[in-house]
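Undergrad: Please read through the structure below; I'll follow up with questions.
The values are calculated or read from the model by the stated rules, or taken from the named source; none is laboratory data. All figures in this text were calculated on a predicted structure; none of them were measured in a lab. Glycine gets a Cβ as well: all are built from the backbone with ideal geometry, and neighbour counts include every protein chain shown. For accessibility, only protein heavy atoms count, side chains too; no ligands or nucleic acids. Shrake-Rupley method; radii C 1.70, N 1.55, O 1.52, S 1.80 Å.
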Amino acid sequence: MQSNAFTKALLRTGILALFCLVMWGCQTPPPPPEFINATANDQKLIELTRWQFRGRLAFKSEQETFSANVRWQQSEQDTRFILTNVVGITLLELHIEDGITRIQADGEEYTGTDAQQLIEQISGWQIPLTQMQRWVKGLAQSNELSSRADNGLLKHIVYTQNMRSWTVDYQRFTQADGIALPRQLSIKDDNDVSIRLKVNEWTIN
């Protein structure tokens with residue numbers, strides 16, 4: 001019973017930290033361009049379907065807090081996401097491959113065909129997974145409210161789904177292969193959940 005409770009608590013915290021994303025890394029990523037052509041950069045982000053980053057993320061609410069090292073790897077529609085602690089022990093691992101989602105934590109494995117639905121079933125959180133795959137690389141869509149700084153870099157996004165709003169604020173950017181990418185961002189919902197992400201290294205495949 002205690003093991004089951006621990007598993008659910010770990011999943012709830014780890015998954016929320018994953019999808020709702022401070023941190024300090026050993027590497028200093030390259031600075032962003034002084035000015036970008038937002039239209040051209042967005043087109044590169046749309047075409048960018050194979051990428052990965054390493055960094056740290058932290059979650060905070062009135063009930064709980066959580067922080068971990070994170071590795072997120074995206075290859076077309078396939079996703080690999082891993083949370084580890086400071087000594088490198090895996091806390092949570094999520095794979096989406098060929099439409100099948102697998103989540104492993106505390107020796108348990110959960111499988112489903114709908115990633116967002118599976119996450120809600122095992123953690124209770126309704127997470128906009130599809131949108132998060134865009135937000136972490138700094139891409140807004142026309143149905144989202146967004147604004148940019150004078151240099152063309154994205155400042156924030158507001159997204160509403162099922163009467164729930166998410167606000168994404170971008171604090172810092174870096175660049176990789178000529179593409180401006182987020183280095184530090186925070187995500188908050190209208191229930192006072194706060195998640196922060198700091199990327200130490202982007203890799204474009």
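Undergrad: Please work out which one of (1) modelled with pLDDT of 85 or more; (2) surrounded by 19 or more Cβ atoms within 10 Å (Cβ to Cβ); (3) over 14 Å from the mean Cα position of the chain (by Cα) is the condition ALA105 fails and give its number.
TA: (1)
Undergrad: For region 154-169, which positions are modelled with pLDDT of 95 or more and crowded, with 20+ Cβ neighbours inside 10 Å?
TA: LEU154, ILE157, VAL168
Undergrad: While we're looking at this one, here's another question. Test TRP135 against the stated conditions and say whether it is surrounded by 15 or more Cβ atoms within 10 Å (Cβ to Cβ) and touching a Lys or Arg at 6+ places or on another chain (Cβ under 9 Å).
TA: Criteria not met by TRP135.
Here is a yes/no grid of residues against (1) within 23 Å of ASN162 (Cα to Cα); (2) out of contact with any Asp or Glu (no Cβ under 9 Å at 6 or more places or on another chain); (3) among the β-branched types (Val, Ile, Thr):
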| residue | (1), (2), (3) |
| --- | --- |
| THR79 | no, no, yes |
| VAL86 | no, yes, yes |
| ILE103 | no, no, yes |
| GLY107 | no, yes, no |
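Undergrad: Filter region 35-55 down to the residues that are open to solvent by 50 Å² or more (accessible area, probe 1.4 Å) and in a strand (DSSP E or B), then identify the one that is farthest from LYS188 (Cα to Cα).
TA: ARG50
Undergrad: Please find, within region 153-205, the residue that is farthest from the chain's Cα centre (by Cα) out of those that are part of a loop (DSSP other than H, G, I, E, B) and among the polar types (S, T, N, Q).
TA: Among those that are part of a loop (DSSP other than H, G, I, E, B) and among the polar types (S, T, N, Q), it is ASN162.
Undergrad: Any idea how many residues of region 138-152 are of a type in the set (A, V, I, L, M) and buried (at least 20 other Cβ atoms within 10 Å of the Cβ)?
TA: The number of residues fulfilling the criteria is 2.
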